[in-house]
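Below is one structure, written out as structure tokens, with a few remarks after it.
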Amino acid sequence: MAKDLAKSLSLIETFSEFKELKNIDQATLISVLEESFRSVIAKMEGTDEKLTVVINPSKGDCEIWREREVVADDAITSPQTQIGLTEARKIDAECEIGEDISEAVEFASFGRRAVLNLRQTLSSKILELQKEAVYEKYKDMVGEIITAEVYQIWKKEILLLDADHNDILLPKTEQIPSDFYKKGESVRAVVVKVDNANSVLKILVSRTSEMFLQRLFEQEIPEVADGLITIKKIARIPGERAKVAVESYDDRIDPVGSCVGVKGSRIHSIVRELRNENIDVVPYTSNPSLFITRALSPAKVISIKLDEENKRAEVYIDPESVSAAIGKNGSNIKLTSKLTGYTIEVFRYVEGDNVEEDDIYLDEFSDEIEQWVLDIFKEQGYDTARRVLAVPREELIKRTDLEEETIDNVIKVLNEEFAE
């Protein structure tokens, strides 16, 4: 028996601690302990054939039994699997040649090197078990929000620790631009990826994904959590603005009002969590024109021309609403495009204009306007004269990144053509 060794190494107690801290069941730990003994002995002796390791958790010890064949004293060819008759009868006085005999083996008899190897083997296997247990736990949590504590802040990522002290990474690219944390602070984020390739465990979380916003809605708004309101689509510019399309199958429930709450009471906690990200809640509809109109709110849409095949939409806006339709740095139109799935071009509507009127392709003006300038306009989707003239001058400058003088010249040439 190897009671003394087991006690000196505190094997059972050590594994009990791992069970509590790493959530590894006792049966698995005992199996690993047995496997480790066998592995070390096989390395030292060249084989673990006919070797039995018995762990006794209740007693806090372990036993190693080796079975060998009894042979004549001068016929031993493998000391690991054979034992001479004289030596065998010291164990069992009645044994005979050809029989098998079992004896208890002191693990310490294999030497100090074996003990060190056992420690290293156990440490390696326990680490693997720990990683696998954490992987199994977190792989089913992808898409769920967790709360973890900031442990270390690096340039490209933040190291977080969960309640079990597992390492979790929040990359810089997954942080809201205005996020700022100090060591010890709590962070809420959604699990987006769990990988254990090559025994390198990585748990990645995000605060910028659409899923994070969806889970916050589910946590903060009971009707969403209960399934009475469905989130159909989400588009975000993290920390700046987001649009959430919602739908209710119960006519008695106002999906937008329920999500926002009285004076924004319900959505306030979500906005605060997202660093004051402006959230527009939009009633969903399968009608693309109506959906685009709702998503562009508060801009006043006059008319929409859809190209469903190419998923493009020409939206004619009340002149006073053009800025609202475009939004700060184009955020409103970008989010509307992402939410609806349509590439959207905004045009200023002028009363009396006939949007179906014959137009002139920009290439027709190549003798008055340099071709490279025309190409820039076409890259932005403005391939005809009227499409260019329908866009505010400031917006043309912003979208094309051309000099004001160049823009003014283009507008002058195009206007002269229609004046004629």
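The values are calculated or read from the model by the stated rules, or taken from the named source; none is laboratory data. Every value quoted in this text rests on a predicted model; they were computed, and no experiment measured them. Neighbour counts are summed over all protein chains in view; Cβ atoms, including those assigned to glycine, are modelled from backbone coordinates with ideal geometry. Surface areas here come from the heavy atoms of the whole protein model, side chains and all, with no ligands, DNA or RNA. Shrake-Rupley method; radii C 1.70, N 1.55, O 1.52, S 1.80 Å.
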Loop sites in segment 130-237: trypsin sites (Lys or Arg not before Pro), DSSP, at most 12 other Cβ within 10 Å: Lys155, Lys156, Lys182, Lys183
Stokes-Einstein diffusion coefficient of segment 266-349, Kirkwood radius over Cα pairs, 20 °C, 1.002 mPa s, in µm²/s: 161
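For segment 176-253, which GluC sites (Glu not before Pro) pass both filters: DSSP loop (anything but H, G, I, E, B) and at most 14 other C-beta atoms within 10 Å?
Glu185
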Long-range HN-HN contacts of Arg266 with modeled amide H, under 5 Å: Gly261
Unit charges at the beta carbon, dipole of the chain: most positive-side option, Leu122, Ile369, Pro255: Leu122
Charge dipole magnitude, Cβ of K and R +1, D and E -1 - segment 295-420, Cα centre, debye nearest 20: 1100
Net charge dipole size for the chain [Lys, Arg +1 and Asp, Glu -1 on Cβ; Debye, nearest 20]: 1900
Mean Cβ count within 10 Å, highest first, over the residues of peptides 123-129, 93-99: 123-129, 93-99
Cα-based Rg / Dmax (Å) for segment 61-175: 26.5, 76
Where the Cα pairs of segment 104-248 fall when distances are cut into 10 Å bins, in %: 10, 31, 27, 16, 8, 5, 3, 0
Acute angle (nearest 10 degrees) that the helix 210-220 long axis makes with the longest principal axis of the chain, alpha-carbon atoms: 80
Between 0 and 90°, nearest 10: helix 331-340 axis offset from the chain longest Cα axis: 70
Percent antiparallel among DSSP beta bridges (both partners in the chain, rounded to 5): 75
Among the listed pairs Lys131/Lys243; Lys233/Lys311; Lys243/Lys412; Lys172/Lys311; Lys311/Lys412, those beyond 27 Å (Cα-Cα): Lys131/Lys243; Lys243/Lys412; Lys172/Lys311; Lys311/Lys412
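Rounded to the nearest 20 debye, what is the charge dipole size of segment 110-208 about its Cα centre when +1 sits on each Lys and Arg Cβ and -1 on each Asp and Glu Cβ?
Using Cβ point charges on Lys, Arg, Asp and Glu, segment 110-208 gives about 520 debye.
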Relative contact order of the chain, defined on C-alpha pairs under 8 angstrom at six or more residues apart (%): 8
C-alpha long axis of helix 11-22 to longest principal axis of the chain, angle in °: 10
For the chain, with +1 on Lys and Arg beta carbons and -1 on Asp and Glu, the positive-most of Ser323, Leu213, Tyr349 along the dipole: Leu213
Where N is the number of residues in the chain, Cα Rg divided by 2.2 N^0.38 Å: 1.67
Segment 114-171 and segment 225-267: distance between their alpha carbon centers, rounded to Å: 35
Kirkwood Rh in Å, taken over all unlike Cα pairs in segment 356-420: 11.7
Mean Cβ neighbour count within 10 Å, used as a protection proxy, ranking 390-398, 274-282 highest first: 274-282, 390-398
Surface share of carbon and sulfur [accessible, 1.4 angstrom probe, percent] for the chain: 45
Positive-end residue, the chain charge dipole about Cα centroid, Cβ charges, pick of Ala225, Ser303, Ile237: Ala225
